[in-house]
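Participant: Below is the structure I would like to discuss, written out as structure tokens.
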Amino acid sequence: GGTIQAVNHTVHAINWFSVNGYRAHGGGGSSCCVVMPVQWRPGLKVDVEWEVDPEPFAKIQRKSSGFGFDDEAWAKHEANFQHHSKTVEIPEWQGTESCGLKVHFLVCNQIKVTTSCWGYGSPHNPIKELRNMEEPSVCP
């Protein structure tokens, strides 16, 4: 088993995600656990599902008590959540040196995964996309 971690490169919120059915919080940090083989093999893939809040800083009317959101206002906001899923290949790792699975959420609802032991931002980490990227006007 290994931990799963979200790395969000977008300006949207990743509410939650799952890897092969193992659900995790999309706000960063790591969650336990995802089952992975000890050694990499060709054709190794994962199914990733996730939910996006495209307006994470929207002003949502609160209940008159001040606690929680107004039900109708929240339902209207929640109706804009987007659900996505993709199957992606896991890049090769050497020997048994896998450090969990990091799922990088990119613009245009793309994702990349890595098992690198190097943290994001390290020159040794294979994922180089910037963080807080705005959606382009046209996605490929």
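Participant: Which of the residues belonging to the stretch 103-140 are part of a strand (DSSP E or B) and open to solvent by 30 Å² or more (accessible area, probe 1.4 Å)? Reasoning before the result, please.
Facilitator: Of all residues in the stretch 103-140, those part of a strand (DSSP E or B) come to 103-106, 110-114, 133.
Gln110, Lys112, Met133, listed by residue number.
Participant: Can you pull out the residues in the stretch 14-23 that are under 9 Å from the mean Cα position of the chain (by Cα) and small (Gly, Ala, Ser)?
Facilitator: Residue satisfying the conditions is Ser18 alone.
Participant: Follow-up. Residues to consider are Ser98, Ser85, Ser65; find the one that is in contact (Cβ under 8 Å) with a residue 60 or more places away in the chain, open to solvent by 30 Å² or more (accessible area, probe 1.4 Å) and on the phi < 0 side of the Ramachandran plot.
Facilitator: Ser98
Participant: One residue is enough: does the stretch 14-28 have a residue meeting the conditions under 14 Å from Val88 (Cβ atoms) and not hydrophobic (A, V, I, L, M, F, W, C)?
Facilitator: Yes: the stretch 14-28 contains one or more residues that are under 14 Å from Val88 (Cβ atoms) and not hydrophobic (A, V, I, L, M, F, W, C).
Participant: Can you pull out the residues in the stretch 61-76 that are in contact with a strand residue (DSSP E or B) (Cβ under 7 Å, 6 or more places away or on another chain) and either of a type in the set (A, V, I, L, M, F, W, C) or at pLDDT 95 or above (or both)?
Facilitator: Phe69
Participant: Look through the stretch 7-55, keep the residues that are of a type in the set (S, T, N, Q) and modelled with pLDDT under 90, and return whichever of them is surrounded by the fewest Cβ atoms within 10 Å (Cβ to Cβ).
Facilitator: Step by step, filter the stretch 7-55, then rank; the result is Gln39.
Participant: Only one residue in Ala79, Ala58 is modelled with pLDDT of 95 or more and of a type in the set (A, V, I, L, M). Which one?
Facilitator: Ala79
Participant: Does any residue in the stretch 12-41 that is of a type in the set (Lys, Arg) come within less than 7 Å, Cβ to Cβ, of a residue that is open to solvent by 30 Å² or more (accessible area, probe 1.4 Å) six or more places away or on a different chain, and which pairs are these?
Facilitator: As it stands, the answer is Arg23/Trp16, since those pairs meet every condition given.
The values are calculated or read from the model by the stated rules, or taken from the named source; none is laboratory data. This one's a predicted model, so the numbers in the text were calculated from it and none came from an experiment. Virtual Cβ from ideal backbone geometry, glycine too; neighbours counted across all protein chains shown. We work out accessible area using only protein heavy atoms, side chains counted, and drop any ligands, DNA or RNA first. Shrake-Rupley method; radii C 1.70, N 1.55, O 1.52, S 1.80 Å.
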